[in-house]
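Asks: Take a look at this one; I'll ask things after.
Taken together, the values in this text are just the output of simple stated rules run on the coordinates, not laboratory data. Nothing here was measured: the structure is a model prediction, and the numbers come from that model. Note that we place each Cβ from the backbone using ideal geometry, even for glycine, and neighbour counts take in every protein chain shown.
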Amino acid sequence: MPAGIEIRAQHGDVLSALIAQARIPLGRACSGQGICRSCEITVLAGYSLLSRRTKRENHWRLESSQRLACQVAVVGTERQDQWIDLWSPAWGERPKGGP
Ligand code: FES
């Protein structure tokens, strides 16, 4: 996420909706249909807390850490100490140590 921003998520929350609610810039050209790829993000941590890839994501043949934020739901939020960390070029320089 952009530096200093944390968002609390619940099971079933879609990443693009969480990002939009936090007023963090991210493309949404197709309004979440999974056909424009403008919401592409890199998952830096917490990949296992996210839903499996959709057919739309598989269509794009994304790298293993890449996801389409409009296609991804949070699925594992039982523990308070679990984190999902994301990055997009729209948010500035990539964090050091990321994939
Ligand atoms: S908003 Fe178009 S692919 Fe996610």
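Asks: Using the Karplus curve 6.51 cos²θ - 1.76 cosθ + 1.60 with θ = phi - 60°, what ³J(HN,Hα) values do you get for each residue of segment 10-21, in whole Hz, with x for Gly and Pro?
Replies: Running phi through 6.51 cos²θ - 1.76 cosθ + 1.60 with θ = phi - 60° gives 10, 3, x, 5, 8, 4, 5, 5, 4, 5, 5, 4 Hz.
Asks: Using the 2.2 N^0.38 Å rule of thumb for compact globular proteins, work out how the chain stacks up: its C-alpha Rg over that value, please.
Replies: 0.99
Asks: Can you tell me which of 35-48, 55-68 comes out highest on packing, and rank the rest after it, using the mean Cβ neighbours within 10 Å?
Replies: Going by the mean number of other Cβ atoms within 10 Å, highest first, we get 35-48, 55-68.
Asks: Would you pull out the residues with amide H under 5 Å of LEU50's amide H, same chain only if 5 or more places away, H placed 1.01 Å from N?
Replies: Placed amide hydrogens put VAL75 under 5 Å from LEU50.
Asks: If each residue of separation counts as 0.36 nm, what is the full-extension length gain between GLU93 and SER51 once their alpha-carbon separation is subtracted?
Replies: 12.5 nm
Asks: Can you pull out the trypsin sites (Lys or Arg not before Pro) in segment 1-32 that DSSP calls coil and that have at most 11 other Cβ atoms within 10 Å?
Replies: Here the trypsin sites (Lys or Arg not before Pro) that fit, given the DSSP loop and packing criteria, are ARG8, ARG23.
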